[in-house]
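Notes follow once the structure below has been shown.
The values are calculated or read from the model by the stated rules, or taken from the named source; none is laboratory data. Note that this is a predicted model, so its numbers are computed, not measured. Cβ placement follows ideal geometry from the backbone for every residue including glycine, while neighbour counts extend to all protein chains displayed.
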Amino acid sequence: MLFPDLIRLTTSSFLSYRVRSFLTGLGIAVGIAAVILLTSIGEGLHQFVLAEFSQFGTNLIGIQPGKKQTHGASVGMLGSVRPLSIEDAEALRRLPYVEYISPSVTGNAKVRAGGKTRRTIVSGVGPEMPQALRMYVQTGSFLPDDDPTQARAFVVLGAKIRQELFAGQNPLGSYLRVGGQRYRVIGVMEPKGQVLGFDLDDTVYIPAARAMELFNRAGLMEIHVTYRPSAELEQVEAGIRGILTARHGSEDFTLVPQEKALEVLGSVLDVITFAVGALGGISLLVGGVGILTIMTMAVTERTSEIGLLRALGARERQVLALFLGEAMLLSALGGLAGLALGVGIAQGLHLLFPALPVHTPWLFAVLAELSAVTIGLAAGVAPAMRAARLDPVEALHAE
Amino acid sequence: MIELSQVSRSFTVGDQQVAALRGIDLNIAAGDYVSIMGPSGSGKSTLLNLIGLLDRPSSGTYRLDGGDVTALTDEQQAKVRSEKVGFVFQAFHLVPRLTAAMNIELPLVLAGISPAERKIRVAQLLENYGLTDRADHRPDQLSGGQRQRVAIARATSMHPAVLLADEPTGNLDQATGKEVMNLLEQLVAQQVTLIVVTHDPAIGGRAKRQVRMVDGQITGEAGRSAGA
């Protein structure tokens with residue numbers, strides 16, 4: 001039998017039971033649509049979260065005081081932990097592949113200007129903070145490259161603070177009181193929006209040494225180090241560890257590489273996408289059972305036709321191929337309809353709720369269609385084998 | 001052409017062995033016109049199925065065209081059926097969802113014959129059996145006589161050497177039945193071996209050789225001289 005004839009014959013039985021074929025195909029279509037819809041949302045979420053986390057760059061290492069063990073408790077509570085100092089941060093500049101270093105101390109304080117007061121996040125940073133965290137100055141300039149321990153009292157405003165305290169005026173050159181001290185405004189940051197609940201625009205940036213004084217802290221909360229993309233993460237980590245251990249006498253700090261954090265996060269999100277896809281897979285399985293049912297019925301109904309085909313010289317393999325072909329045709333067409341349905345619903349949801357991230361990778365679509373055909377094949381095997389093994393004489397005389 | 005020697009066929013019904021055929025010896029030459037007559041349950045259909053390689057004897061040997069076909073695999077039997085045997089049934093056995101032309105084409109499709117060749121053969125068969133204007137009708141749109149003509153056209157589409165007809169007129173009125181028998185008998189003139197199973201003496205009596213069966217055994221044979 002030629003392949004086009006196989007297609008033609010299977011299509012003819014498919015078409016002669018239109019409603020039944022449609023309903024059976026619908027079972028698969030709903031399954032595939034569920035898989036596509038759920039994985040699209042899962043994958044959209046995946047990309048959204050990763051984008052949130054990687055917007056500060058991926059060649060970033062955070063250094064935090066205290067050594068975190070796998071149990072999560074800080075050794076510093078038992079032994080001695082030296083605070084991370086601004087000098088520690090400056091010492092890291094000796095490393096060859098380090099690009100930017102920004103110390104960081106963050107807290108909450110009252111700021112006041114022109115008679116208006118606001119509680120806001122005060123972030124003590126170094127002059128390289130914009131480069132290190134990929135943030136940009138909108139007007140004016142960022143903190144100057146002063147002696148880090150004796151930086152002048154300059155402040156750079158987040159976009160929202162500027163709106164709240166200096167609406168309609170040029171804030172550059174004005175004074176802002178931060179926790180009782182006067183700072184001169186020298187720049188305004190570009191709006192950045194919220195990142196995981198922190199409003200980066202509702203923040204003012206002052207030199208790290210002054211923030212430590214303001215919050216009465218002995219050390220930094222974190223040092224951000226960026227390195228050249230060409231450098232190996234392990235090499236950078238070893239360099240940082242070497243310098244800081246030499247300075248502190250022991251490894252009483254923790255390195256948090258963004259790259260590894262993203263890897264872990266990415267694999268967690270992959271598992272989530274896979275899990276929701278598997279949930280959709282259950283309905284696909286139900287669709288497969290539908291095909292099994294219909295094919296079993298078809299073999300029973302068309303028993304005498306199977307006998308006829310055998311009398312006309314059809315081999316067992318040909319009968320098998322006809323029924324398998326029918327099962328696969330049902331599932332393949334159902335799968336295609338499901339793909340269209342799933343992508344359609346996903347895109348529709350995205351239009352209705354633009355905040356809902358949706359993404360359907362081509363690979364998922366191809367895999368979904370392949371699994372639909374595989375399910376059709378699997379569901380068709382048992383009925384098709386039964387059809388092929390029917391005794392021709394008995395089959396011919398079945399009614 | 002067809003040589004059966006000591007062929008028996010028994011079935012297991014419940015825990016009993018029922019012999020449908022008992023020690024059949026039958027030789028049929030190429031181009032013969034044979035009718036097998038007997039009451040129902042006499043084993044005549046079983047004999048026809050055996051000759052058509054749809055069934056296997058429990059014992060004995062069956063030689064077709066000089067070769068022993070008793071021991072062929074299912075695959076090989078299907079090939080012999082496809083190439084040498086045509087079937088015509090009482091209930092026509094047309095595929096209801098296929099048109100007349102597609103029903104006739106079916107054996108050619110199963111044999112893997114090219115579409116161009118099929119088209120020529122099917123057009124010729126439709127014309128031979130006066131079905132050209134019915135080519136695109138489905139079986140439920142055809143009369144009984146037309147359906148059996150489609151079935152005969154289908155049975156001959158592979159140019160078989162043997163044509164097996166099981167009660168071919170059983171579902172037809174007398175006039176149509178006669179017409180169908182005439183069509184089958186025309187094939188004998190083209191050197192096709194025709195074997196007709198029937199319980200109707202009027203149909204069976206038309207054959208040159210008339211084999212009688214009772215209880216799975218051949219009880220007698222009557223002949224009509226070729227010149228008569």
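Data overview
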quantity: Yes/no for A:D252 being more than 14 Å from chain B (Cβ to nearest Cβ) and closer than 29 Å to A:P96 by Cα; calculated: yes
quantity: Output for the stretch B:90-104, where each listed residue is surrounded by fewer than 24 Cβ atoms within 10 Å (Cβ to Cβ) and within 9 Å of chain A (Cβ to nearest Cβ); calculated: B:A91, B:H93, B:V95, B:P96, B:R97, B:L98, B:M102
quantity: In the stretch A:181-206, residue nearest to A:Q163 (Cα to Cα) [restricted to those that are among the small types (G, A, S) and within 27 Å of the chain's Cα centre (by Cα)]; calculated: A:G193
quantity: Flag if A:S250 is assigned by TED's automatic domain parsing to the domain that holds A:G31 and more than 30 Å from A:G179 (Cα to Cα); calculated: no
quantity: Complete set of residues in the stretch A:157-176 that are surrounded by fewer than 21 Cβ atoms within 10 Å (Cβ to Cβ) and touching a Ser or Thr at 6+ places or on another chain (Cβ under 9 Å); calculated: A:K160, A:E164, A:F166, A:N170, A:L172
quantity: Count - residues of the stretch A:110-140 that are surrounded by fewer than 18 Cβ atoms within 10 Å (Cβ to Cβ) and assigned to a strand (DSSP E or B); calculated: 10
quantity: Residue list for the stretch B:106-121, restricted to those being more than 9 Å from chain A (Cβ to nearest Cβ) and either under 13 Å from A:L312 (Cα atoms) or in contact (Cβ under 8 Å) with a residue 24 or more places away in the chain (or both); calculated: B:L108, B:R121
quantity: Per-region count, the stretch B:106-133, residues surrounded by 21 or more Cβ atoms within 10 Å (Cβ to Cβ), over 14 Å from B:R149 (Cβ atoms) and in contact with a Ser or Thr (Cβ under 7 Å, 6 or more places away or on another chain); calculated: 3
quantity: Residue match in the stretch A:24-46 (condition: more than 14 Å from chain B (Cβ to nearest Cβ), closer than 30 Å to A:S104 by Cα and either touching a residue at least 60 places away in the same chain (Cβ under 8 Å) or more than 27 Å from the chain's Cα centre (by Cα) (or both)); calculated: yes
quantity: Unmet criterion (only one of (1) of a type outside the set (S, T, N, Q); (2) modelled with pLDDT under 95; (3) surrounded by 23 or more Cβ atoms within 10 Å (Cβ to Cβ)) for B:R154; calculated: (2)
quantity: Count - residues of the stretch A:273-299 that are over 30 Å from B:T156 (Cβ atoms) and either surrounded by 16 or more Cβ atoms within 10 Å (Cβ to Cβ) or among the hydroxyl-bearing types (S, T, Y) (or both); calculated: 16
quantity: Looking only at the stretch A:300-313, and only at residues there that are crowded, with 21+ Cβ neighbours inside 10 Å and under 29 Å from A:G27 (Cβ atoms), the one that is farthest from the other protein chains (Cβ to nearest Cβ); calculated: A:I306
quantity: Selection within the stretch B:9-22 - surrounded by fewer than 17 Cβ atoms within 10 Å (Cβ to Cβ) and either touching a Leu at 6+ places or on another chain (Cβ under 6 Å) or assigned to a loop (DSSP other than H, G, I, E, B) (or both); calculated: B:G14, B:D15
quantity: Top-ranked residue of the stretch A:314-330 - restricted to ones that are within 9 Å of chain B (Cβ to nearest Cβ) and part of a helix (DSSP H, G or I), ranked as surrounded by the most Cβ atoms within 10 Å (Cβ to Cβ); calculated: A:Q318
quantity: Selection within the stretch B:130-169 - away from every other protein chain (no Cβ under 13 Å) and assigned to a loop (DSSP other than H, G, I, E, B); calculated: B:G130, B:L131, B:A135, B:D136, B:H137, B:L142, B:S143, B:A161, B:P168, B:T169
quantity: Complete set of residues in the stretch B:65-89 that are facing chain A (nearest Cβ under 8 Å) and basic (K, R); calculated: B:K79, B:R81
